[in-house]
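J.: Got a structure here, written out as structure tokens. Questions coming.
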Amino acid sequence: LWAMDPGGSLYLLEEDGTLQKVSSRGWLLWTVQLPTENEAGNLLRYQEMICDSSGTLYVSVQEHKRQVDASGAVQEIILSEEIQAWNSNGEQQNKVLQVDKTTLSQYSTEPYIRKLQMYGDVLLALCCDQGQFSVIKTQPYGAQAPVVLAEYTLEQTANEIEDCASLSDGTLVYSTKGGGLFAISPDGTTQDLGQLAGRQTVAGQLSA
């Protein structure tokens with residue numbers, strides 16, 4: 001995983017949990033070792049990274065537990081997810097968001113936090129649980145608790161969604177595996193952005 005701050009410094013996170021900050025001139029500024037399992041022995045997986053204007057780094061983390069299903073196959077379920085924060089000096093800050101995954105979809109193997117986005121000092125977390133998409137707004141530097149900016153039920157098309165992004169007002173923009181591009185506003189209005197662009201299919205990842 002990698003992310004870049006406005007000053008051009010690069011944050012790199014390796015699979016073994018090694019987090020490094022490298023300056024725009026290629027100098028290694030610091031290294032932090034993140035845990036790959038917790039005290040309970042469950043695996044920790046780091047999924048998304050993003051920087052804000054001050055160089056604070058936000059990382060989404062999943063807690064995985066291995067279990068054996070009825071057929072004897074080993075599977076990993078996601079017990080919880082959270083967004084951790086690290087300042088520009090490599091010091092860990094207060095957690096931004098914590099979610100008990102088992103209260104949403106017990107024994108789920110699907111991630112809840114799908115994407116992180118920044119709008120100034122506001123961090124948006126795009127989340128999905130069984131076709132229910134939520135845009136959660138957090139202000140890491142304020143005292144306000146995270147709030148749900150918008151919610152969308154897309155049960156029929158959830159499995160077809162390739163990527164998604166959110167506008168600052170909570171409008172959800174998503175692409176489908178078939179190349180479609182759509183937007184849904186908080187009032188429920190849906191637009192086919194592919195038709196507006198005069199194209200049948202749209203490929204690539206989304207950002208907003």
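The values are calculated or read from the model by the stated rules, or taken from the named source; none is laboratory data. Predicted, not measured: the structure shown is a model, and the values here were computed from it. Cβ atoms come from the backbone with ideal geometry, glycine included; neighbour counts cover every protein chain shown. Only protein heavy atoms, including side chains, enter the accessible area calculation; ligands, DNA and RNA are left aside. Shrake-Rupley method; radii C 1.70, N 1.55, O 1.52, S 1.80 Å.
J.: Calculated FRET efficiency, residue 102 and residue 23, Cβ-Cβ r, R0 41 Å, to nearest 0.05? The partial results should precede the final answer.
T.: On the way: r = 41 Å, r/R0 = 1.01.
About 0.50, to the nearest 0.05.
J.: Whole angstrom only: what separates the Cα centroid of the range 105-176 from the Cα centroid of the range 31-47?
T.: The range 105-176 and the range 31-47 have Cα centres spaced 24 Å from each other.
J.: Please compute the alpha carbon radius of gyration of the chain, then divide it by the globular-protein estimate 2.2 N^0.38 Å. Two decimals is fine.
T.: Values: Rg = 18.2 Å, N = 208, 2.2 N^0.38 = 16.7 Å.
So the chain has a normalised radius of gyration of 1.09.
J.: Follow-up question, since we're still on this one. For the cross-link pairs 21/95; 65/95; 95/137; 65/177; 21/101, which exceed 24 Å when the distance is taken from alpha carbon to alpha carbon?
T.: Among 21/95; 65/95; 95/137; 65/177; 21/101, the Cα-Cα distance tops 24 Å for 65/177; 21/101.
J.: To the nearest 10 square angstrom, how much accessible area does residue 88 have with a 1.4 angstrom probe?
T.: 40 Å²
J.: List the chymotrypsin sites (Phe, Trp or Tyr not before Pro) within the range 26-119 that DSSP assigns to loop and that have no more than 16 neighbouring Cβ atoms inside 10 Å.
T.: Hits after loop and neighbour filter: 27, 107.
J.: Excluding the sites themselves, what is the longest stretch of the chain that contains no GluC sites (Glu not before Pro) in a DSSP loop with at most 14 other C-beta atoms within 10 Å? Can you show the working numbers first?
T.: Values: sites that count: 14, 15, 39, 91, 155.
With a cap of 14 other Cβ atoms within 10 Å, the longest stretch comes to 92-154.
J.: Something else: If we count every other residue with Cβ under 9 angstrom of residue 43's Cβ, Lys/Arg +1 and Asp/Glu -1, where does the sum land? Intermediate values should be presented prior to the final figure.
T.: On the way: positive: 45, 65, 66; negative: 37, 63, 76.
Surrounding charge for residue 43 is 0.
J.: For the range 49-184, what % of the accessible area comes from carbon and sulfur atoms, probe 1.4 Å?
T.: 44 percent
J.: How much net charge surrounds residue 54 when only the other residues with a Cβ under 15 Å from the Cβ of residue 54 are counted, with Lys and Arg +1 and Asp and Glu -1?
T.: On the way: positive: 21; negative: 5, 52, 91, 121.
Net charge around residue 54: -3.
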